[in-house]
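Bear in mind that the values in this text are calculations on the coordinates, not laboratory data. Everything quoted here is computed from the prediction, not taken from an experiment. Here the Cβ positions follow ideal geometry from the backbone for every residue, glycine too, while neighbour counts run over all protein chains shown.
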Amino acid sequence: MSRFIHLLSGGAAQGLVNALKPSIETATNTMLSNTFGAVGLMKQKLIDGAPCDVVILTAALIEQLTASGHVVAGSARHLGPVKTGVAVKHGTPHPQVETAEQLKAAMLAATGIYFPDPQLATAGIHFMKVLNGLGIAETVASKLRPYPNGNTAMNAMAACDDPHVIGCTQVTEILITEGVDLVANLPLEFELATMYTAGVRSTSTCKVEAQAMIDILTSPEQAALRAKGGFLPLT
């Protein structure tokens, strides 16, 4: 009977992991058990002792977990940077969001604003900074629709009946959600490109298989798949 590889991952990697799941399971003779969510929540789950062999979080958090002994030193591999973008429901007009003023106008015009957890999710934390930077955080407060993670936020936006809503989360989460369209990345002055990194948990009982999974996710052979899913190439 195959063993399990337990994954705790930020939502940014969900599309990539799911696409490669059959290949990983075949190559490692394991079955994957995946949990995706806001990076802050996934980090806390690991620290609290949730089952985990592979963890995918921001590079900064993986570095912290390596220093604290939770992640095996030398096991970390970068998947690539992910930008944060603006989304609308599929089939609705795409607003102009290339400049701060255009983004401000689009947010003010929207009837609802969908985004991930402003306390625990990378994109959610950043998006609140963007709204404050635009000077409209209080003005749009009643329109804000926060969800536990970007994937949940995009699915909720896709399912709603209002065509005048807008969303903001990481590009990878927008691209894998049916019913929403990526409009554009955030304007340059608000740009956020987050490096995502995978590492092996120090207490894993299948470290060899866990490292093999990471090697598949980050391999040159999968560069096109990573790019299609919204990961920028490593430079």
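Points to keep in mind about this one:
- Globularity ratio of the stretch 83-190, using Cα Rg and 2.2 N^0.38 Å: 0.91
- Too-long pairs where the Cα-Cα distance tops 18 Å, listed order kept, from LYS104/LYS129; LYS21/LYS228; LYS45/LYS83; LYS129/LYS228; LYS83/LYS129; LYS21/LYS89: LYS45/LYS83; LYS129/LYS228; LYS21/LYS89
- Extension reserve of the LEU232-ALA67 stretch, reckoned as 0.36 nm per residue once the Cα distance is removed: 56.8 nm
- Antiparallel DSSP beta bridges within the chain, percent to nearest 5: 55 percent
- Taking the C-alpha atoms only, the angle from helix 150-159 to the longest principal axis of the chain is near 50 degrees.
- In nm, spacing of pseudo-spin labels at PHE4 and GLN44 (7 Å Cα→C-beta vector): 2.2 nm
- The stretch between GLU101 and ALA193, if pulled fully straight at 0.36 nm per residue, gains 31.0 nm over its current Cα-Cα span.
- Amide proton proximity set for HIS6, modelled H, under 5 Å, gap of 5+: SER33, ASP53, VAL54
- Whole-Å distance, taken between Cα centres, linking the stretch 162-176 and the stretch 199-213: 33 Å
- Between the stretch 14-28 and the stretch 71-95, the alpha-carbon center distance in angstrom: 18 Å
- Taking the longest Cα principal axis of the chain as reference, the axis of helix 14-28 is set at about 10 degrees.
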